[in-house]
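**Q** If you scroll down you'll find the structure; I have some questions about it.
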Amino acid sequence: MLPKLDPLLHSELRLAVMSILAGVDEADFTYLKEQTGATSGNLSVQIDKLSEAGYIAVEKGFKGKMPRTTCRITSQGVEAFRNYVKSLKKYIGAGRKSSAQ
Amino acid sequence: MENTNEKNREMTAQESLSLITETLNSSRKEIIQRSSKYYILWGALLTVFSLMVYVLWKLTDKAAWNCLWFALPAIGSPLAHWLSRQDAAERVQNEVSRITQGIWTTLGIFSCAVAAFTLGYFYVSEGAQDFGMSLRAIVSLAGLTAEMVLIFGLAECACGVALKNWTIKIAGFVTGIGGLAIYYITGAEYEQLLIFTFAGLVLMATGLLVKRQYR
C-alpha cells in the first residue's frame, strides 16, 4: 500500500518554498519571492500555512528601518520533507512497475 | 498577473520530485556563480599587488616594498564585503558557502601569520640589522613565496571540492603546482613575485570561466 502524500507539501508553491529552505540556513521573504516567482500575497498565505503546521519558523524583524521577514525550516519540517521525498520515490517506483507489467 | 491557482496546484509525483531536484540544483549553481565575483576581485588584487611590489622592488632594490602585501587584505576585505551587500541572494547562506568562506578566511589568516612569524624569526634570530635585509632573506631564503603559492593553490582546490566544480579544482592544481614550478625556474628575489601574478591571473580566469558556466 502506497503512503499518503503530505497534502501540505503536495502543492507547487509550498513545495518550492520548502525545497529552498531545505538547502539554506534561512531566507528572507524577498529572496523566496524572487526564487519562486510568486506574488507577495500568495507567498505570504503559503508561508503562514507552513508556519502553522510547524514546518517553518518565521521571524519578523527589522533590517535598519526596513521590515524583514525571515524563514527557516524546522526539524519537524525537515522530517516531513524527508518523508515526502521517500513517499514520492515509492509512488514513482510503483508507477514504473505497473507500466512495465 | 500571475496565476495563483497555477502556483498552488497539486502535482504528479514525478513533477514534485523534479521541482525538488531543480530547486536544490539551482541553489548549488547560484552559490558557485556567486563565488565567481570574489575570484575575479581577489585575482585582480593579487595581480595588481604582485606587479606593484615586483616593479617597486626592482626599481628601488628595496625588499621593504613587500610590506605592501599586508595592505591586500585591508583593501580586499571591505571590497568583498561591499560586493556581498549588492544582491539579495547574498543574504542566503548554507553549509557549502560557509565552508568556502572559512577556507579563504583561513588562508588569509595563515598567510598573514606565516609572513609575520617568518619576518619576526629572521629579524630576531638571524640578527639582521635592517628591516629590508630581513624581508629580502624571507622572500629569497625562507621559501615564503613557495609556501604561499602552495597554500593558495590548496585553498582554491579545496573550494573546488566543496563546490563540486572541476574548473576551480583544476585551477587550484595549476596555481599550486604551476606556481611551485615557476618558483624553481625563476631567479631569486623580485622575479619570484611573478608567481603571484600567475596565481592572480589563474584566479581571475577561474572566476570568469565559472561565471560563464553558470550564466
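The values are calculated or read from the model by the stated rules, or taken from the named source; none is laboratory data. Given the structure is predicted, the values throughout are model-derived calculations rather than measurements. Cβ placement follows ideal geometry from the backbone for every residue including glycine, while neighbour counts extend to all protein chains displayed. Note: areas computed on protein heavy atoms with side chains; ligands, DNA, RNA excluded. Shrake-Rupley method; radii C 1.70, N 1.55, O 1.52, S 1.80 Å.
**Q** Would you point out the residue of region A:24-36, among those that are open to solvent by 10 Å² or more (accessible area, probe 1.4 Å) and more than 7 Å from chain B (Cβ to nearest Cβ), that is nearest to B:Thr12 (Cα to Cα)?
**A** Only one residue fits best here, namely A:Thr36.
**Q** Take region A:1-23 and flag every residue that is at the interface with chain B (Cβ under 8 Å from one of its Cβ atoms) and either in contact with a strand residue (DSSP E or B) (Cβ under 8 Å, 6 or more places away or on another chain) or at pLDDT 95 or above (or both).
**A** Answer for region A:1-23, where residues must be at the interface with chain B (Cβ under 8 Å from one of its Cβ atoms) and either in contact with a strand residue (DSSP E or B) (Cβ under 8 Å, 6 or more places away or on another chain) or at pLDDT 95 or above (or both): A:Ile20, A:Ala22.
**Q** May I pose another question? I'm trying to understand the selection: among the residues of region A:46-94, which are of a type in the set (A, V, I, L, M, F, W, C) and in a strand (DSSP E or B)?
**A** Within region A:46-94, A:Ile56, A:Ala57, A:Val58, A:Phe62, A:Met66, A:Cys71, A:Ile73 meet the criteria.
**Q** Another question, if that's okay. Under 8 Å between Cβ atoms, at least 6 apart or on separate chains: pull out the pairs that start in region B:83-101 with a residue that is within 19 Å of A:Cys71 (Cβ to Cβ) and end on any residue that is modelled with pLDDT of 80 or more and of a type in the set (Phe, Trp, Tyr).
**A** Pairs found: B:Ala88/A:Tyr31; B:Ala89/A:Tyr31; B:Arg91/A:Tyr31; B:Val92/A:Tyr31.
**Q** For region B:18-37, which residues satisfy the criterion of being at the interface with chain A (Cβ under 7 Å from one of its Cβ atoms) and open to solvent by 40 Å² or more (accessible area, probe 1.4 Å)?
**A** Of everything in region B:18-37, just one residue is at the interface with chain A (Cβ under 7 Å from one of its Cβ atoms) and open to solvent by 40 Å² or more (accessible area, probe 1.4 Å), namely B:Leu24.
**Q** Would you mention how many residues in region A:37-59 are within 11 Å of chain B (Cβ to nearest Cβ), surrounded by 15 or more Cβ atoms within 10 Å (Cβ to Cβ), touching a Lys or Arg at 6+ places or on another chain (Cβ under 7 Å) and over 18 Å from B:Ser16 (Cβ atoms)?
**A** Within region A:37-59, residues that are within 11 Å of chain B (Cβ to nearest Cβ), surrounded by 15 or more Cβ atoms within 10 Å (Cβ to Cβ), touching a Lys or Arg at 6+ places or on another chain (Cβ under 7 Å) and over 18 Å from B:Ser16 (Cβ atoms) number 2.
**Q** Please specify each residue of region B:59-72 satisfying the condition of being open to solvent by 90 Å² or more (accessible area, probe 1.4 Å) and at pLDDT 85 or above.
**A** Answer for region B:59-72, where residues must be open to solvent by 90 Å² or more (accessible area, probe 1.4 Å) and at pLDDT 85 or above: just B:Leu59.
**Q** Next up: Given the structure, is B:Leu56 open to solvent by 40 Å² or more (accessible area, probe 1.4 Å), part of a helix (DSSP H, G or I) and modelled with pLDDT of 85 or more?
**A** Yes, satisfied.
**Q** Another question about this same structure. Can you say whether B:Ala74 is of a type in the set (A, V, I, L, M) and in contact (Cβ under 8 Å) with a residue 12 or more places away in the chain, as far as the supplied structure shows?
**A** No, not satisfied.
**Q** Answer yes if at least one residue in region A:77-87 is in contact with a His (Cβ under 8 Å, 6 or more places away or on another chain), at the interface with chain B (Cβ under 9 Å from one of its Cβ atoms) and at pLDDT 90 or above, and no otherwise.
**A** yes
**Q** A further question follows. Which of the numbered conditions does A:Phe62 fail, given that it passes all the others? Conditions: (1) free of Cβ contacts under 8 Å to residues at least 12 places away in the same chain; (2) facing chain B (nearest Cβ under 10 Å).
**A** So the condition that A:Phe62 fails would be (2).
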